[in-house]
Amino acid sequence: MHRERDELGDAEQLLAAAATELQRTRPSALLAIHVTEQALLALARGEPGPGLGLLADHRTASRVPPPPVVGAQLRATEARLLLADGDLDGAQQVISQAPAVGADSAAAAVQVAVERQELDRATDLLEHWPEDSERA
């Protein structure tokens, strides 16, 4: 919520407090959500490199894959960071790894298609927007 309101300092403080508890209990889904939020905070600050580093570190340390929806959020965040870092091919590769699940994945796929100037593809993705995205 703080990140979305551009209260980045508050977001960072809350994420730091959550990290302490998550490191103690190590629930895989919550760790994945936490690192996603940290990476999105880096993106909001205009620092895609550190966000990509956080995701890479998480991928290396993670022993259990997150649930599909959380994994989709991780991929969508990685694609957005790669786009911000100017790596269009890398973003396309991440989006292509798995089908879009939810609004975050769909939005990242549309963004990649637009950046690649594949407007027919972007239109098709928008026409097939995930139905449950309004509830998520």
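Using a simple spin-label model with points 7 Å from Cα along the Cα→Cβ vector, what separation in nm is obtained for Glu131 and Glu7?
3.7 nm
Using just the C-alpha positions of region 38-77 as equal point scatterers, what log10 of I(q)/I(0) does the Debye formula give at each q in 0.26, 0.33, 0.34 1/Å?
-0.89, -1.10, -1.12
Using the scaling law 2.2 N^0.38 Å as the reference, what is the normalised Cα Rg of region 1-98? Walk me through the intermediate numbers first.
Numbers: Rg = 13.1 Å, N = 98, 2.2 N^0.38 = 12.6 Å.
Cα Rg divided by the expected 2.2 N^0.38 Å: 1.04.
If you take the charge dipole of the chain about its Cα centre, with +1 on Lys and Arg Cβ and -1 on Asp and Glu Cβ, which of Gly9, Pro65, Ala42 is farthest toward its positive end?
The Cα lying farthest towards the positive end belongs to Pro65.
May I have the extent of the alpha carbons of region 80-134 along their three principal axes, as whole Å values ordered from largest to smallest?
30, 19, 17
Dipole magnitude of region 25-136 about its Cα centre, charges +1 at Lys/Arg Cβ and -1 at Asp/Glu Cβ only, in debye to the nearest 20? All intermediate terms of the calculation are to be shown ahead of the outcome.
On the way: 9 positive and 16 negative charges, 111 e Å.
That gives a dipole near 540 debye.
In square nanometres, what is the average projected area of the Cα convex hull of region 41-136? Can you show the working numbers first?
Numbers: hull surface 25.3 nm².
In nm², the orientation-averaged hull projection of region 41-136 is 6.3.
We did not get these values from a lab; they are worked out from the coordinates using the rules stated. Note that this is a predicted model, so its numbers are computed, not measured. Positions of Cβ are backbone-derived with ideal geometry, glycine not excepted, and every protein chain shown enters the neighbour counts.
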